[in-house]
Amino acid sequence: PSRFGVWVDGEFSWVSSDDWERRLEYLPDTLVTKVTLISAKLRISLVCNDTVASHDNLYIRRMRVRNEGEGTRHIRVFLHHDFRIYENKVGDTAYYDPRTHGLIHFKKHRYFLINTEPHFDQFATGRKAFRSNEGTWPDAEDGELHGNATTEGSVDSTIAVHIDVGENAEYDVYYWIAAGTSYEDVSHLDRSIFTRTPGSYFDSTSHEWNAWVNKSPVDLGDLSDEIVRLYKRSLLIINTQIDDDGAILAANDHDVTERATDHYSYLWTRDGAFVANALDAAGYGEVARKFFEFCCNIIHENGYFLQKYNPDGTVASGWHPSWDIYKRAPMVPIQEDETSLVLWALWQHYEKYRDIDFALRAYRKVVTKAAEFIVSFRDENTGLPLPSWNLWEDRRGVHTFTCSTVVAGLRAAANFAELFHDDDRASVYRAAADDVTRGMRTHLYSDEYGRFLRGLMANGDETLIPDATIDASLFATFYFGCFEVDDPMVVGTMQAIVERLDNKSGFGGVARFENDNYMRTSDGIVGNSWFICTLWLAEYYIALAKNIDELEPAVKILQWVTDRALPSGVLAEQIDPVTGLPTSVSPLTWSHSTFVAAIHSYLAKSATLGSS
């Protein structure tokens with residue numbers, strides 16, 4: 001962690017301590033934060049606005065320090081840095097640079113320059129996380145820094161800004177970190193911020209994000225102001241999770257690394273396809289297109305996508321085996337829905353924007369390659385896909401959700417083939433989709449339960465065992481057009497989801513599946529409530545509605561999600577339905593995109609019902 005602390009009247013406190021009351025928000029319609037910090041003990045309050053400049057590699061913070069005590073007081077603000085460049089603590093250098101009057105941390109092609117306005121009064125560089133050396137940050141706790149001008153190895157640094165603030169008065173301190181691949185990069189950025197002033201960077205960045213989130217005015221009808229605000233916030237947060245080259249990351253919350261020794265800052269093409277589809281619906285086709293271009297470059301030579309990828313397109317860490325230890329034979333290490341969903345989302349993208357040149361390139365690079373794999377990766381007796389991992393990544397088999405996405409992907413591929421007069425392929429793809437649908441009706445629907453099974457689980461041999469667990473992902477049977485929403489098979493399935501997965505007491509919401517233990521901390525519940533699963537139920541109510549009044553259950557779910565967001569507008573992956581507290585990563589990009597998608601489903605259906 002990089003620390004932030006305040007010293008006044010001989011007392012010191014890090015803002016992460018219990019001395020502080022904290023409220024984390026954003027300024028409206030921007031990606032500029034508004035973090036309010038209040039310490040009754042120190043009689044100090046701060047309002048911090050953080051942002052990244054829209055067109056420069058500059059992280060900027062404005063700290064508005066307010067003296068809540070009596071008389072003019074001498075206040076010292078301490079800022080600590082622990083970069084661990086290239087993701088390790090070895091071989092870094094931190095030094096004071098007399099040319100820029102800033103502190104610089106660097107290793108190889110990574111440079112970080114730290115500076116402030118007014119200029120910092122003290123600095124220290126030192127060793128950290130090495131033998132008995134904790135770092136320079138403990139040195140701040142007496143209000144003074146006594147460190148080196150240069151340190152190499154496992155290093156950190158701390159700076160202190162000294163200010164005098166009158167009674168009930170405020171003082172603005174600006175702090176920034178310039179990032180680059182050379183000294184020249186960061187020194188140039190440092191000069192530019194002095195030339196333009198930090199305040200101008202804040203203003204221009206705020207204006208640009210405001211313009212971006214309002215660039216495609218959407219009539220949100222009679223939805224509440226709170227829902228509208230969360231809709232815009234969701235679009236902005238989604239944008240923060242997307243790499244410049246198109247990779248849509250699942251989440252950038254680091255907390256998970258402490259319990260899992262890994263993180264969520266990867267592209268799962270399933271998540272990416274859902275997010276891109278929501279962005280398309282909201283009118284941000286240029287962002288979605290970069291994702292599809294990214295997919296063109298990472299698809300496996302055999303026609304599928306692997307579990308997950310790093311933002312640069314390299315294959316990420318994973319746990320799907322390529323070797324079947326029971327059969328002693330190779331196996332395909334995939335979640336097949338990740339391949340089929342890209343095709344589904346790509347056709348939706350084309351239907352909206354009609355970019356024929358891009359569609360032709362994607363058809364040649366992704367669509368035919370993926371569709372040929374999907375067609376071949378099926379059981380010749382049932383017509384269903386062969387076993388792969390499910391969307392929750394916890395079991396292998398033939399899953400109803402996966403089958404539903406395969407139908408959607410094959411139909412999308414057939415549409416593309418017909419568009420380019422590739423009639424033979426179109427016929428093969430459409431016939432395969434029909435075979436999968438028939439196989440779902442025959443092998444995945446249970447007359448005994450009056451609903452779809454979650455799937456047929458692989459058992460380490462040739463047998464597949466029916467899995468009757470109720471799973472929220474079964475919404476896919478209607479969502480991807482396999483069956484009509486009012487088909488009794490679908491209705492029975494969705495009724496079971498409502499009856500068994502809806503946490504009706506406490507803070508409500510829908511669990512993923514029966515007896516879901518992942519991150520569960522409360523007893524007596526079916527599982528934690530997931531935002532995406534709850535919003536899938538809203539999609540059902542929207543699809544089922546035959547008049548405006550029947551849309552009301554969906555609106556209530558949209559409001560439920562809005563009420564469960566953090567004050568910042570951030571949506572976690574899930575919440576504990578007993579305590580209402582968020583669990584797992586926050587924000588989850590998929591949570592926000594599902595909210596955006598559900599709103600557009602609601603608006604489309606509302607317009608249709610209203611006109612009729």
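The values are calculated or read from the model by the stated rules, or taken from the named source; none is laboratory data. On a predicted model such as this, the values are computed, not experimentally measured, just so you know. No Cβ is skipped: glycine too gets one built from the backbone with ideal geometry, and neighbour counts run over all protein chains shown. These accessible areas exclude ligands, DNA and RNA; they are computed on the full protein's heavy atoms, side chains included. Shrake-Rupley method; radii C 1.70, N 1.55, O 1.52, S 1.80 Å.
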Working carefully through the options Val498, Val510, Val485, Val490, find the one that is among the aliphatic types (A, V, I, L, M) and out of contact with any strand residue (DSSP E or B) (no Cβ under 9 Å at 6 or more places or on another chain). Val485
When the range 146-187 is checked residue by residue, the ones that are surrounded by 14 or more Cβ atoms within 10 Å (Cβ to Cβ), within 36 Å of the chain's Cα centre (by Cα) and not in a strand (DSSP E or B) are Ser154, Tyr183, Asp185, Val186, Ser187
Restrict the check to the range 90-103 and report whether at least one residue is open to solvent by less than 30 Å² (accessible area, probe 1.4 Å), in contact with a Ser or Thr (Cβ under 8 Å, 6 or more places away or on another chain) and not in a strand (DSSP E or B). yes
Within the range 484-509, which residues are in a loop (DSSP other than H, G, I, E, B), under 15 Å from Cys533 (Cβ atoms), touching a residue at least 24 places away in the same chain (Cβ under 8 Å) and open to solvent by 20 Å² or more (accessible area, probe 1.4 Å)? Phe507
Which residues, taken from the range 246-270, are in contact with a helix residue (DSSP H, G or I) (Cβ under 6 Å, 6 or more places away or on another chain) and either open to solvent by 50 Å² or more (accessible area, probe 1.4 Å) or not small (Gly, Ala, Ser) (or both)? Ile248, His263, Thr269, Arg270
Any idea which of (1) farther than 30 Å from Ile557 by Cβ; (2) over 24 Å from the mean Cα position of the chain (by Cα); (3) exposed (fewer than 15 other Cβ atoms within 10 Å of the Cβ) is the one Asp222 doesn't satisfy? (1)
Mind checking whether some residue in the range 534-552 is within 25 Å of the chain's Cα centre (by Cα) and free of Cβ contacts under 8 Å to residues at least 60 places away in the same chain? yes
Among the residues of the range 267-278, is any over 19 Å from Lys352 (Cβ atoms), outside any helix (DSSP H, G or I), in contact with a His (Cβ under 9 Å, 6 or more places away or on another chain) and modelled with pLDDT of 95 or more? no
What pairs can you find where one residue is in the range 253-267 and of a type outside the set (Val, Ile, Thr), the other is surrounded by fewer than 13 Cβ atoms within 10 Å (Cβ to Cβ) and part of a loop (DSSP other than H, G, I, E, B), and their Cβ atoms are less than 7 Å apart, with a gap of 6+ or different chains? Asp262/Ser317; His263/His254
Taking Leu220 and the conditions (1) more than 24 Å from Asn277 (Cβ to Cβ); (2) touching a helix residue (DSSP H, G or I) at 6+ places or on another chain (Cβ under 7 Å), which numbered condition does it fall short on, given that it satisfies the others? (1)
Keeping to the range 432-456, report how many residues are of a type in the set (D, E, K, R) and surrounded by 21 or more Cβ atoms within 10 Å (Cβ to Cβ). 2
Flagged in the range 289-342 as aromatic (Phe, Trp, Tyr) and in contact with a helix residue (DSSP H, G or I) (Cβ under 7 Å, 6 or more places away or on another chain), in numbering order, are Phe291, Phe292, Tyr304, Phe305, Tyr309
Residue under evaluation Thr36, criteria (1) free of Cβ contacts under 8 Å to residues at least 60 places away in the same chain; (2) open to solvent by 60 Å² or more (accessible area, probe 1.4 Å), criterion not met: (2)
Given the criterion assigned to a helix (DSSP H, G or I) and open to solvent by 50 Å² or more (accessible area, probe 1.4 Å), identify the matching residue among Tyr59, Tyr86. Tyr86
For the range 442-472, which positions are in a helix (DSSP H, G or I) and closer than 15 Å to Ala496 by Cβ? Leu444, Ala472
Has the range 129-150 got any residue that is under 21 Å from Thr33 (Cβ atoms) and of a type outside the set (Lys, Arg)? no
Taking the range 364-407 as the region of interest, how many residues are open to solvent by 10 Å² or more (accessible area, probe 1.4 Å) and in a helix (DSSP H, G or I)? 8
Does at least one position in the range 193-216 carry a residue that is in a loop (DSSP other than H, G, I, E, B) and either in contact with a Leu (Cβ under 9 Å, 6 or more places away or on another chain) or open to solvent by less than 30 Å² (accessible area, probe 1.4 Å) (or both)? no
(1) acidic (Asp, Glu); (2) free of Cβ contacts under 8 Å to residues at least 12 places away in the same chain; (3) surrounded by 15 or more Cβ atoms within 10 Å (Cβ to Cβ): which one isn't true of Glu351, the others all being true? (3)
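Yes/no matrix, rows are residues, columns are (1) within 15 Å of Gly509 (Cα to Cα); (2) of a type outside the set (Ser, Thr, Tyr); (3) not in a helix (DSSP H, G or I):
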{"site": "Leu551", "(1), (2), (3)": "no, yes, no"}
{"site": "Ile557", "(1), (2), (3)": "yes, yes, no"}
{"site": "Asp563", "(1), (2), (3)": "yes, yes, no"}
{"site": "Pro587", "(1), (2), (3)": "no, yes, yes"}
{"site": "Trp590", "(1), (2), (3)": "no, yes, no"}
{"site": "Ser606", "(1), (2), (3)": "no, no, no"}
